[in-house]
1. Give the lysines reachable from LYS171 as a straight Cα distance under 16 Å; neighbours fewer than 8 places away on the same chain don't count.
2. Excluding residues on the same chain fewer than 8 positions from LYS26, give the aspartates and glutamates whose Cα lies under 13 Å from its Cα.
3. If amide hydrogens are placed 1.01 Å from N in the peptide plane, which non-local residues have theirs closer than 5 Å to the one on HIS254?
4. Rounded to the nearest 500, what is the chain's calculated 222 nm mean residue ellipticity when only DSSP H runs of at least 4 contribute -39500 (n - 2.57) each, over all residues?
5. Subtracting the Cα-Cα distance from 0.36 nm times the residue separation, let me have the gained length for ARG57 to THR248 in nm, one decimal.
6. Can you tell me the dipole magnitude for segment 187-271 around its Cα centre, using point charges on the Cβ only (Lys, Arg +1; Asp, Glu -1), in Debye to the nearest 20?
7. Return the aspartates and glutamates within reach of LYS144: Cα separation strictly under 14 angstrom, same-chain partners fewer than 8 residues apart disregarded; answer none if there are no such residues.
8. Does segment 97-256 come out rounded, prolate or oblate, given a ≥ b ≥ c as the square roots of the eigenvalues of its C-alpha gyration tensor, rounded meaning a/c under 1.5 and, failing that, prolate meaning a/b above b/c?
Amino acid sequence: MSDWTLPKGDLMAGKRGIVMGVANDKSIAWGIASQLAAQGAEIAFTFQGEALEKRVRPLAESVGSQILLECDVTNDAQLDAVFDRLKTVWGGIDFLVHAIAFSDKNELKGSFVENTTRENFLRTMDISAFSWVACGKRAAALMKPGGSMVTLTYLGAERVLPSYNVMGVAKAALEACTRYMARDLGPSGLRVNAISAGPMRTLALAGIQGGRGLVSTGREWSLMKEDTSMEGIAGCALWLLSDLGRSTTGEVVHVDAGFHVVGLPEGVDAG
Ligand code: NAP
């Protein structure tokens, strides 16, 4: 299945939206954006800082994007400026992709109890959970019924995994935020969902001690005995962000080759 890619089509034709969290061409946000573009979506991108602009601009241009804006999600003025600009240029948007997380990598290892500081706990929650609410609120103000938003989460929200530590706590909050946002925005015809992706080799994964081990264990233990594919994550985002997903909201959809349902892996002596 590794050489399979989503076909081109027009599932997103006429839809405009914003993708936040592209750091490079390995980013999950980029995997999603490129497939949304292949289905006819018009996309605005954000980046954080000049160094990232150099990497994100060519990617954005490769899918014909006309809007590339700086946005540190801890900065309310920058958030306001981004969504104000979308309102000015487009009038409204149809979708939001939020693929942003951060924690001090010194706390993504060893003991959660011993290593977690108040400062990094709050910063991790701010960037990795609250920013979803902050972006979703501003995006919703620009959406009409049919609008849809997606964030990215991980199994560490539900289960204990080595090193994931405070990021697991933030992902649990992110998933709860998804449900409360879906409640508030549902009556306006807007949908809010999260994709719980299996481990992918990105910059974010590199910050987690033993991150590579999560990939190999994910493959070995998964029901499908394979890595999570970017195409699978992007395909799920396409479903949730297009009209195909019109009755799904408040959901956390796992895209991890079935890893999350495994209690004990094959080969472990359970007797
Ligand atoms: P990535 O390429 O490193 O993307 C993470 C993005 O978050 C980067 O663009 C990063 O920008 C951005 N970010 C961090 N702090 C920010 C801030 N204050 N303001 C604005 N942007 C900020 O890694 P990724 O794996 O694709 O991560 C995307 C999402 O998927 C994250 O929520 C991650 O937790 C989630 N996820 C990842 C995996 C995985 O295995 N990789 C699995 C499940 C879920 P900077 O580079 O400038 O910090």
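1. LYS105
2. GLU231
3. The answer is SER196.
4. -12000 deg cm²/dmol
5. 65.5 nm is the gain from fully extending ARG57 to THR248.
6. Approximately 260 debye in magnitude.
7. Of all the aspartates and glutamates, those that pass the test against LYS144 - Cα under 14 Å, at least 8 places apart if same chain - are ASP94, ASP243.
8. The shape class here is oblate.
Read the figures in this text as sums done on the coordinates, not as results from a lab. Every value quoted in this text rests on a predicted model; they were computed, and no experiment measured them. Cβ atoms come from the backbone with ideal geometry, glycine included; neighbour counts cover every protein chain shown.
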